[in-house]
1. In segment B:201-210, is there at least one residue being assigned to a loop (DSSP other than H, G, I, E, B), over 9 Å from the mean Cα position of the chain (by Cα) and either in contact (Cβ under 8 Å) with a residue 12 or more places away in the chain or outside the structural domain of residue B:267 (by TED's automatic domain parsing) (or both)?
2. Checking residue A:141 against (1) modelled with pLDDT under 80; (2) assigned to a helix (DSSP H, G or I), which test does it fail?
3. Take the residues of segment B:74-106 that are without any contact (Cβ under 8 Å) to a residue 24 or more places away in the chain and more than 9 Å from chain A (Cβ to nearest Cβ): which is surrounded by the most Cβ atoms within 10 Å (Cβ to Cβ)?
4. Condition first: touching a strand residue (DSSP E or B) at 6+ places or on another chain (Cβ under 8 Å) and within 10 Å of another protein chain (Cβ to nearest Cβ). Can you find one or more residues in segment B:18-35 that meet it?
5. So, in segment A:16-57, of the ones that are assigned to a helix (DSSP H, G or I) and among the charged types (D, E, K, R), which residue ends up nearest to residue A:241 (Cα to Cα)?
6. Output the residues belonging to segment B:40-73 that are more than 9 Å from chain A (Cβ to nearest Cβ) and in contact with a Phe, Trp or Tyr (Cβ under 7 Å, 6 or more places away or on another chain).
7. Looking only at segment B:179-210, which residues are among the basic types (Lys, Arg) and within 22 Å of residue B:47 (Cα to Cα)?
8. Please find, within segment A:404-424, the residue that is surrounded by the fewest Cβ atoms within 10 Å (Cβ to Cβ) out of those that are within 13 Å of chain B (Cβ to nearest Cβ) and not in a helix (DSSP H, G or I).
Amino acid sequence: MNKIFLVIQREFMSRVKKKSFLLATILVPLIFPAIIIGMVYLKEESEKNKEQETIHLLNESELIVFEDSERYTYKPVEGPLDSAKSDFSKSDAFALIYIPDLDIENPKGVAFYAKTSPGVTLVRGFERDIESQIRDRKLTVAGLSNDQLDQLKTDVTISSFNITESGDEKKSDAKSTFWISYVMGFLIYIFLFAYGSQVMQGVIEEKSSKIVEVIVSTVKPFQMMVGKVVGVASVGIAQFAIWMILFAVIWTLAMSFLGIDVASGQTSGLTPEQAQAQSNEILEIIQGVNWTQITLLFLFYFLGGYLLYGALFAAVGSAVDTPADAQQFMMPIMLPIIVSLMGLFMFVFEEPDGPVSFWLSIIPFSSPIVMMGRIGFGVPAWEIALSMVMLIAGFIFTLWLAGRIYRIGILMHGAKVNYKVLAKWFMQKN
Amino acid sequence: MSLLKVENISKSYSEHQALSDVSMEIPEKTIFGLLGPNGAGKTTLIRIINQIIEADQGSILFNGAPLNQEHIRNIGYLPEERGLYKKMKVGEQLIYLAQLRGLTLREASTRGKAWCQKLEIMDWWGKKIEDLSKGMAQKIQFIATVMHEPQLIILDEPFSGFDPVNANLIKDEILELRDKGATIIFSTHRMESVEQLCDHVAMINKSEKILDGSKVDIKEKFRDGSYYVEFKEGEIKSGSGFELISTEDIGRGLKRSLVQYSAEGNPNELLKQLIGQAEIHSFVERIPSMNDIFISLVKGENPELAEA
């Protein structure tokens with residue numbers, strides 16, 4: 001037991017002392033938010049700086065009127081359509097909209113011409129505009145006055161709440177739940193790969209530097225493997241802890257800046273009161289998330305998933321002499337990880353409580369990613385418990401399996417290894 | 001008194017028999033040569049003694065007690081396939097390996113430094129292994145093998161990779177360790193180092209032990225009663241009870257003949273006859289070298305080698 005601790009300590013220290021660890025630990029929490037903020041900034045800038053576009057409007061209908069907006073000015077053109085099209089193609093206008101003489105009961109034939117394929121949301125915007133104008137016209141025909149029409153217009157925003165078993169309600173937000181799930185699932189995915197392959201590389205290094213035989217004459221191969229896997233895990237946890245602290249600091253700073261920014265109403269054009277209300281709402285949603293639960297579950301699923309896959313990565317590392325040889329054995333390990341990630345996108349985000357989401361979050365090979373993806377949407381306690389028990393059983397199984405391959409593999413040099421050989425090692429007595 | 005008793009050890013891998021019913025006793029405070037051609041089973045036996053693998057049958061007694069995990073503390077092992085962590089510093093590495101053998105951090109640090117001072121390599125203490133030459137790394141590896149002062153030191157081809165100066169240095173260290181009371185198992189192909197160092201020898205061939213005993217006894221056993229005679233003035237010819245094998249000129253008017261006599265016969269009888277034939281300048285029995293014994297045994301066991 002003492003010796004496993006020595007191995008863990010060495011694995012931990014030798015990694016933490018590397019410059020690359022320091023760089024990754026400090027830069028990641030700075031770089032990722034910086035990229036996100038940068039992209040949001042660029043998007044806003046490009047929206048702001050967009051020049052007004054001209055749209056040719058061949059309007060044969062009296063029902064529809066387009067008014068110039070910030071984005072578009074409408075230039076009426078004369079028909080027929082063919083000549084309008086050829087004029088448009090010679091001009092530098094953004095688009096040509098053709099509105100035939102519309103039948104109010106069956107408005108058909110509106111066409112949108114552009115030099116490149118227009119985005120769906122863009123066309124949908126014009127569709128809504130025309131639809132509402134026709135609806136207004138129909139209502140006027142039905143006898144409503146303009147005042148009455150104005151009164152019909154209402155704005156509704158739905159606030160959604162999560163009601164917990166104890167009856168507390170928390171303000172939830174589909175968007176933030178989605179983001180939490182997305183980030184958590186994805187983080188686990190990245191961690192599994194990053195630290196799993198570190199284990200594999202470490203084992204290959206020990207094998208190729210030929211120190212293994214010295215080490216296994218002092219500790220059992222299984223202790224050596226577990227020590228390495230746990231040592232790398234502790235690096236992961238240390239890194240995660242540092243990130244959490246850094247994020248918390250950056251978040252606090254960012255929030256204080258954001259608060260000021262929103263309150264002054266610069267970008268959103270809201271009154272300070274509205275802006276204040278909005279930022280309070282954001283805060284309320286963030287506070288509504290059970291961060292303690294998420295962090296603890298994250299640590300559990302990271303560790304569990306990592307132990308499960310780390311053992312397999314170690315077994316692969318022990319079987320080969322160079323990283324290039326490892327490729328052939330990576331597929332069966334990577335497949336379930338990738339399937340989990342696909343399951344996250346295809347099922348969990350669509351239907352977090354659906355049967356596929358449920359099973360993927362119970363099966364140990366996919367549960368770390370998928371359960372973390374589901375957690376934001378709220379998962380019954382018994383499902384979490386079942387999934388955790390399965391994961392523990394899962395990694396005990398893979399550690400045992402990997403240990404049997406590892407003990408033989410690390411002492412084999414220059415052996416040509418395939419699955420048959422692995423199976424033989426697995427069966428071989430000590 | 002034997003430190004290690006190997007009793008009827010057998011080990012087979014699925015495709016072949018690595019050791020069959022091997023027994024030997026390794027006397028305390030001796031250098032024990034474990035010889036044998038490649039693939040004979042030496043490494044398997046060494047790995048079993050190091051508890052890296054388990055024997056199918058048989059047992060090993062260390063100081064009279066069945067070998068167990070506690071004995072790791074008392075064994076030092078320098079494998080043939082050896083290496084160190086390239087990215088680790090010399091000092092950290094020595095301390096780590098000694099701790100794995102059971103020393104405390106403090107003990108490991110003091111002894112590591114003492115050894116580095118002894119071998120005059122203290123200025124490497126803070127350097128990474130990857131910055132050292134192969135020979136330097138070998139020295140570090142040797143220190144790592146012996147610094148926990150084990151009762152049993154197992155050295156597998158310890159001189160490979162050393163230049164002659166460092167090989168001598170290590171040889172002296174090995175002798176000193178033996179004199180201080182350590183028992184050393186020494187596995188090698190290089191017979192001249194067996195000749196120089198070993199007190200006892202065992203030979204394994206094709207998974208079986210074919211020879212075992214003290215070097216002196218073995219040589220005595222392999223004496224064939226042949227003698228070198230250096231002479232002037234005259235001619236050595238075969239006579240009663242002995243046969244001339246060869247004669248060569250060795251300069252200064254001297255010749256040397258190899259004469260086959262019997263191992264049991266009295267050399268005085270031979271000498272009397274020789275004196276009658278020529279002026280004898282030197283008369284000495286040819287003692288078989290370990291190399292001769294090794295080759296004749298291995299060839300005898302492997303006829304295909306003899307033909308080659």
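The values are calculated or read from the model by the stated rules, or taken from the named source; none is laboratory data. What you see is a predicted model, and the numbers here were worked out from it, not measured in a lab. Methodologically, a virtual Cβ is constructed for each residue, glycine included, from the backbone with ideal geometry; neighbour enumeration extends over all protein chains shown.
1. Yes, segment B:201-210 has at least one match.
2. Every condition holds for residue A:141 apart from (1).
3. Filtering segment B:74-106 for residues that are without any contact (Cβ under 8 Å) to a residue 24 or more places away in the chain and more than 9 Å from chain A (Cβ to nearest Cβ), the one surrounded by the most Cβ atoms within 10 Å (Cβ to Cβ) comes out as B:95.
4. no
5. Among those that are assigned to a helix (DSSP H, G or I) and among the charged types (D, E, K, R), it is A:19.
6. B:71
7. Selection gives B:190, B:206, B:209.
8. A:414
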